[in-house]
Amino acid sequence: MDKYAIIVAGGSGLRMGTTLPKQFLPLCGKPVLWHSLETFLTAWPDVQIILVLPKDHQQIGADVVNTTSDPTRIRITVGGETRFHSVKNGLALIENPGVVFVHDAVRCLITTNLIHRCYEQTVEKGNAIPAIQPIDTLRIETPDGSQLLDRTKVRVIQTPQTFFSDIIKKAFEQPYNASFTDEASVVEKLGVAIQLIEGEATNIKITRPLDILLAQKILEERTA
């Protein structure tokens, strides 16, 4: 079965406090984006990657692609106004039926193990959404103040969010809605049941300077 990974790299460096978008910041000698690309390239020899980049960062993205182990399996397209539109642009390049992974470029600690598990569950159940249980106490704001949530019933959602191509492509034919915060919310709008799978605590999203330090430590321990 064909495998496609849409890597969404449309973020900015605002919360990171840098002028360079966070997906291009250095991490253990390579850009953050490189680590995400390389893990998908090594997951299978036949996976095809569609990299979605802002219009102003196409060249720097191409430069990163050319340093990977197999640039021929990576195509670049332009991002849209929102994540929804960026993913839709990526989906437009998928012609054959298969399994589609949609992954945040800045979740650069993704492992091939999680990628494989998402694929296997998608083949079995139609989709796979990585999620982990929060370790902090959670409260939700209410008109009367706040209310404690049962954290055993709450999950923190990660990527790669994985679907059969026909399902996700049909879902993205819907008009954009502000409630579409990720791919699962778009697919769920069709009435498709979302299937969670255990994610990884190390599958963090690079957002703040502290995240770079954590990611560097994790990568150093993996290669030690």
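The values are calculated or read from the model by the stated rules, or taken from the named source; none is laboratory data. The structure displayed is predicted, hence computed values, not measured ones. So basically every Cβ, Gly included, is an ideal-geometry build from the backbone, and we count neighbours across all protein chains shown.
Some notes on this structure:
- When each of 168, 132 is tested for being touching a strand residue (DSSP E or B) at 6+ places or on another chain (Cβ under 6 Å), of a type in the set (Val, Ile, Thr), surrounded by fewer than 19 Cβ atoms within 10 Å (Cβ to Cβ) and at pLDDT 95 or above, the lone residue that passes is 132.
- Residue check for residue 72: assigned to a helix (DSSP H, G or I) and surrounded by fewer than 16 Cβ atoms within 10 Å (Cβ to Cβ): yes
- Here is the figure for region 148-174: residues that are farther than 24 Å from residue 134 by Cα and part of a loop (DSSP other than H, G, I, E, B) total 3.
- Hits in region 188-221 (condition: part of a loop (DSSP other than H, G, I, E, B), more than 16 Å from residue 104 (Cβ to Cβ) and not aliphatic (A, V, I, L, M)): 189, 191, 195
- Conditions (1) touching a Gly at 6+ places or on another chain (Cβ under 9 Å); (2) of a type in the set (Phe, Trp, Tyr); (3) surrounded by fewer than 20 Cβ atoms within 10 Å (Cβ to Cβ): number failed by residue 163: (3)
- Among the candidates 41, 51, residue that is buried (at least 17 other Cβ atoms within 10 Å of the Cβ) and in a helix (DSSP H, G or I): 41
- Consider region 135-158 and keep the residues that are among the polar types (S, T, N, Q) and surrounded by fewer than 16 Cβ atoms within 10 Å (Cβ to Cβ). The one that is nearest to the chain's Cα centre (by Cα) is 152.
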